[in-house]
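The values are calculated or read from the model by the stated rules, or taken from the named source; none is laboratory data. None of these values were measured; they are calculated from a predicted model. Counting neighbours? That spans all protein chains shown, and the Cβs are built from the backbone with ideal geometry, glycine included. The area values use the complete protein model at the heavy-atom level, side chains included, leaving out ligands, DNA and RNA. Shrake-Rupley method; radii C 1.70, N 1.55, O 1.52, S 1.80 Å.
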Amino acid sequence: MPELILFNKPFRVLSQFRSDGDKETLASYIKIPEVYPAGRLDYDSEGLMILTADGAWQHKISHPRKKLGKTYWVQVEGQVDDKALQALRKGVLLKDGKTRPAQARVIAQPPDLWSRTPPIRYRAEIPDSWLELTIFEGRNRQVRRMTAAVGFPTLRLIRYAVGQWSVQGLAPGESRRVQV
């Protein structure tokens, strides 16, 4: 029976095992041999990564044609309006083409959210808001580019879930095994 490793990737950790200069990698947290990430998460993003030793499951989780939704909690600069939400839901035109339609809604700051070191920059004169955004593809820095394209730059990005699996109950740097 295949096994997946659910991992809450901390901020400023590379989603690879090999060192890249002085940047921290997955090797600092995952001591299980022969597992590989099923997809990537940017160095400056946090949240759920799934690792596995099973190539078929790795493909099933990470390949865009499988249409496995990836849900993000996104703190953005400004108060998100209906026009921006509608644009995200229809698909946003980026330099590399139009995105697939996303599920998008404004949410309150997620409860029990862990702190980030360093914290996001705080500016009293500029409000912020939170989105829950589910995408069905995985372009480079896609969520950040989508929110910027609709006028709301990303301040903090947390991948909450991939398909049926979530980061619920995992502190940054923690992992758990699940059978599939």
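A single member of THR99, THR154 is polar (S, T, N, Q) and in contact with a Gly (Cβ under 6 Å, 6 or more places away or on another chain), and it is THR99. Of all residues in segment 57-82, those being in contact (Cβ under 8 Å) with a residue 40 or more places away in the chain and open to solvent by 50 Å² or more (accessible area, probe 1.4 Å) number 4. Selection of segment 12-35 for residues being in a loop (DSSP other than H, G, I, E, B), under 17 Å from the mean Cα position of the chain (by Cα) and more than 23 Å from GLN168 (Cβ to Cβ) yields only GLN16.
One residue alone among ALA38, ALA102, ALA56 is small (Gly, Ala, Ser) and more than 15 Å from the chain's Cα centre (by Cα), and that residue is ALA56. Checked against the criterion of being assigned to a loop (DSSP other than H, G, I, E, B) and touching a Phe, Trp or Tyr at 6+ places or on another chain (Cβ under 7 Å), segment 74-84 contains one or more residues that satisfy it. Per the listing SER175, SER166, the residue uniquely under 21 Å from ARG116 (Cβ atoms), over 15 Å from the mean Cα position of the chain (by Cα) and modelled with pLDDT of 95 or more is SER175.
So that you can scan it fast, the table gives a plain yes or no per residue for (1) outside any loop (DSSP other than H, G, I, E, B); (2) open to solvent by 30 Å² or more (accessible area, probe 1.4 Å):
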position: VAL143; (1), (2): yes, no
position: GLY151; (1), (2): no, yes
position: GLY173; (1), (2): no, no
position: ARG177; (1), (2): yes, yes
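In segment 36-56, what residues are open to solvent by less than 40 Å² (accessible area, probe 1.4 Å), part of a strand (DSSP E or B) and either without any contact (Cβ under 8 Å) to a residue 40 or more places away in the chain or not small (Gly, Ala, Ser) (or both)? Across segment 36-56, the qualifying residues are PRO37, GLU46, LEU48, MET49, ILE50, LEU51, THR52.
Testing GLN109 on (1) open to solvent by 40 Å² or more (accessible area, probe 1.4 Å); (2) in a strand (DSSP E or B), one condition comes back false. Which one is that? Of (1) open to solvent by 40 Å² or more (accessible area, probe 1.4 Å); (2) in a strand (DSSP E or B), only one is false for GLN109: (2).
For segment 114-136, check the following and say yes or no: at least one residue is touching a Pro at 6+ places or on another chain (Cβ under 7 Å), of a type in the set (D, E, K, R), more than 27 Å from MET1 (Cβ to Cβ) and assigned to a loop (DSSP other than H, G, I, E, B). No, segment 114-136 contains no residue that is touching a Pro at 6+ places or on another chain (Cβ under 7 Å), of a type in the set (D, E, K, R), more than 27 Å from MET1 (Cβ to Cβ) and assigned to a loop (DSSP other than H, G, I, E, B).
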